[in-house]
Amino acid sequence: MNDLINEEKNVECLNLKDIRLNAEKYNWLEIFEKENSYVFCKDNVKINIIDLKGLVTIEVKLLNGSYTDKMCR
């Protein structure tokens, strides 16, 4: 996750462009599934970023289903 979110910045000030640039830099694959939903995959990890009317949910999953973590802002 630290690869996608630059530690030098305040998380509240992040924008999708920064996340996309960092994902590309660290070879994360971006998958387009739905409007206002962004998915990044690498190895066995899947990160969903869902933006609905100002509420952003970040969900981190292992693709084998053994671990899921969610963070909302």
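Each value in this text was obtained by applying a stated rule to the coordinates, not by laboratory testing. Everything quoted here is computed from the prediction, not taken from an experiment. Methodologically, a virtual Cβ is constructed for each residue, glycine included, from the backbone with ideal geometry; neighbour enumeration extends over all protein chains shown.
When only residues in segment 29-48 that are in contact with a helix residue (DSSP H, G or I) (Cβ under 7 Å, 6 or more places away or on another chain) and more than 21 Å from Ser66 (Cβ to Cβ) count, which is surrounded by the fewest Cβ atoms within 10 Å (Cβ to Cβ)?
Selected residue: Glu30.
Only residues that are within 10 Å of the chain's Cα centre (by Cα) and not charged (D, E, K, R): list them for segment 47-73, please.
Ile47, Asn48, Ile49, Ile50, Thr57, Ile58, Val60
So, in segment 35-73, of the ones that are touching a residue at least 12 places away in the same chain (Cβ under 8 Å) and outside any strand (DSSP E or B), which residue ends up farthest from Asn22 (Cα to Cα)?
Out of the qualifying residues, it is Asn64.
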